[in-house]
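A.B. asks: Handing you this structure, nothing more for now.
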Amino acid sequence: MRCRKLIVPGRGRCRSHGGAAGAPFGPRNGNWKTGAYSQATKLLDRAQSAELRRLYKLGQEIGLFPKRGQRRGPID
Ligand SMILES: [Zn+2]
């Protein structure tokens with residue numbers, strides 16, 4: 001049966017099942033090296049990827065990337 005104790009806010013678990021303590025997040029964790037895989041970096045990476053996709057789509061819309069066999073240049 002699933003534990004029915006109150007979940008500790010921010011930890012997703014009750015005190016008995018890992019909500020009370022745990023490894024610190026971020027640079028306070030001993031395994032932290034550069035932060036290249038940190039939540040903040042991943043968030044930033046996602047935002048930048050989304051921006052690139054947005055710009056690429058825009059480029060496609062205005063014909064910036066000619067399809068194979070198509071002439072490159074201004075639209076007639
Ligand atoms: Zn529990």
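No value in this document is a laboratory result; all are computed from the given coordinates. All figures in this text were calculated on a predicted structure; none of them were measured in a lab.
A.B. asks: Taking the Cα atoms of the chain, report the difference between the largest and smallest coordinate on each principal axis, in whole Å and largest first.
C.D. replies: 70, 34, 18
A.B. asks: Would you list, by chain and number, the lysines whose Cα falls below 19 Å from the Cα of residue 67, excluding same-chain residues fewer than 8 positions away?
C.D. replies: Excluding near neighbours in sequence, the set is 57.
A.B. asks: Which of 16, 38, 49 moves most in a GNM of the chain, Cα contacts under 10 Å?
C.D. replies: Residue with maximal mean-square fluctuation among 16, 38, 49: 16.
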